[in-house]
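A short reminder: the numbers here are calculations on the coordinates, not readings from a lab. A quick note: this is a predicted structure, and the numbers were derived from the prediction, not measured. A quick note on method: Cβ atoms are made from the backbone with ideal geometry, for glycine too, and the neighbour counts reach across all protein chains shown.
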Amino acid sequence: MFNKEVYVSRRDELKKLIKDGVILLFGNNESPNNYPNNAYYPFRQDSSFLYYFGQKRDGLVGVIDVESGKETLIGDDIDIEDIVWYGSVDSIKDMADQVGVANSAPMSELEVIVKEAVAKGRKVHFLPPYRHDTMIQIMDLLGIHPSKQKEAASLELIKAVVKMRSVKSQLEIEELERACAIGYKMHTTAMRLVKPGVTEKYIGGQINGIAQSYGAQVSFGTIFSQHGEIMHGAPSMAELEDGRLVLCDCGAETIEHYCSDNTRTMPVNGKFSSRQLAIYSIVEDCHDLVLKVAKPGVKYFDVHMAVCRLMTERLKAIGLMKGDVDEAVAAGAHAMFLPHGLGHMMGMDVHDMEGLGQIYVGFDEETRPRLDQFGTNALRMGRRLEEGFVVTDEPGIYFIPDLIDEWKAKGHCAEFLNFDKIETYKDFGGIRIEDDVLITADGCRFLGKEIIPYHPKDVEEYMRAARD
Ligand code: GLY
Ligand code: MN
């Protein structure tokens, strides 16, 4: 946890951003796997609760009365049975003290606070819940059915939290750098282990173990697959095959719950073929373009579109696309190869604050997401960049057999796509290169003191050295 002043000042700022009412920030509860005492491990606290109240235990709720300024940490102290099985933990009062909260109370008090606020006609602010136990808590407290809670969530609170969490402080950047340093070890371990005959699951398990051995956890389910064309392909029991590519997308989440998210794609046999290199170099140049253009004031949507145009130009040069580049991009033809956006915000959640609603996190009044076009509708971040934002830069080129068949059958974007040639790539897989970008005062930089090798010669050299 950071020192208590960090949490005090965050809550003070939040109180200034919310006009009136009572703010409820729900911490998460344990999530049982197959019976209550066998919960999914590790327990993960809610990120907004962590941001303002810092405590990592389950079963807590943070309450802020905006008008009176009174802050209360709500939760039940553990009993002797819990101590016998899990050991002792701090009392709720001690936990409140540690984050500069003056008051603590048992869970039964929450109902009293909320009922009193409702009786006085005061606003009760809560964020959109994403776990069903929290939805039940909200239903019990406020009588709002879970199906209506997303729309009943406080837009004022969502916007305030997004405003604050979007800009990373120096402390947070240091924590993100820590996550990237562990991410580096995860990725380079994978690079050392990749060779024909090893299963995807074996390497996936080693990657996850690296995160844990540094006191971290994975920031999302590790993606490690020779089917790189599946965006979130989980490791399978398939053995790595000579001649294929394997895509590794993984990251660490530090003890303070700050994330990293990187992707590398490498040849199983340690050497890219010329066919693989031709596609790889396009993704590499798209990835590198971001470093040149991303800076405060620039819309990330425009960076995404610049990448789409570069990718289209290059795919045209090797005969996979045709026609006018701008028209092809406007028609969404490039989404055959790049069906997702260039990146997303990253912080305490790997897709930072996605639970609060992407429309509020990645967009604003000026930049509304386009929902009517395949590919463009998957953008997670389009708004103007600000100093302190952290976004991912993750272009990719994928050959998705079912998508190729569907678009060909429909003749979709046929004037921009050379289907006959594209079909010969159905066994190619997919390539993505991803790094995490910090927006600085006058530009941007990759997070991570050591950059995971991604230039083809560096990848090959790293893999070769690991085998010697
Ligand atoms: N790294 C996984 C994702 O960004 O969706
Ligand atoms: Mn990502």
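Scanning the range 391-441 for residues being within 16 Å of ligand 2 (Cβ to nearest atom), hydroxyl-bearing (S, T, Y) and closer than 22 Å to A331 by Cβ gives a total of 1. I'd like the residue in the range 350-359 that is more than 16 Å from ligand 1 (Cβ to nearest atom) and surrounded by fewer than 20 Cβ atoms within 10 Å (Cβ to Cβ) and, out of all such residues, is nearest to the chain's Cα centre (by Cα). Out of the qualifying residues, it is G357. Applying the criterion of being within 16 Å of ligand 2 (Cβ to nearest atom) and among the charged types (D, E, K, R) to the residues of the range 345-386, the residue that is nearest to E256 (Cα to Cα) is D349. Cβ-Cβ distances below 7 Å connect the following pairs, each with a first residue in the range 113-138 that is assigned to a loop (DSSP other than H, G, I, E, B), a second residue that is among the basic types (K, R), and a separation of six or more residues or different chains: P128/K150. Scanning the range 1-35 for residues that are without any contact (Cβ under 8 Å) to a residue 12 or more places away in the chain and outside any helix (DSSP H, G or I), we see that the one that is nearest to E71 (Cα to Cα) is N3. Go through the range 225-247 residue by residue and tally those that are in contact with a Ser or Thr (Cβ under 9 Å, 6 or more places away or on another chain) and away from ligand 2 (no atom under 16 Å from the Cβ). Residues in the range 225-247 being in contact with a Ser or Thr (Cβ under 9 Å, 6 or more places away or on another chain) and away from ligand 2 (no atom under 16 Å from the Cβ): 11 in total. Checking each residue in the range 101-116 for being of a type outside the set (S, T, Y) and surrounded by 19 or more Cβ atoms within 10 Å (Cβ to Cβ) picks out V101, A105, L110, I113, V114. Given the criteria within 14 Å of ligand 2 (Cβ to nearest atom) and under 19 Å from P339 (Cα atoms), does T222 qualify? No: the conditions fail for T222.
Residue count for the range 218-273 under the criterion of being crowded, with 19+ Cβ neighbours inside 10 Å, closer than 30 Å to G54 by Cα and small (G, A, S): the result is 4.
Being outside any loop (DSSP other than H, G, I, E, B), touching a residue at least 60 places away in the same chain (Cβ under 8 Å) and within 16 Å of ligand 1 (Cβ to nearest atom): is that true of G343 here?
On the way: outside any loop (DSSP other than H, G, I, E, B): no; touching a residue at least 60 places away in the same chain (Cβ under 8 Å): yes; within 16 Å of ligand 1 (Cβ to nearest atom): yes.
The answer is no for G343.
Exactly one residue out of G343, G362, G323 is surrounded by fewer than 20 Cβ atoms within 10 Å (Cβ to Cβ) and small (G, A, S): that is G323.
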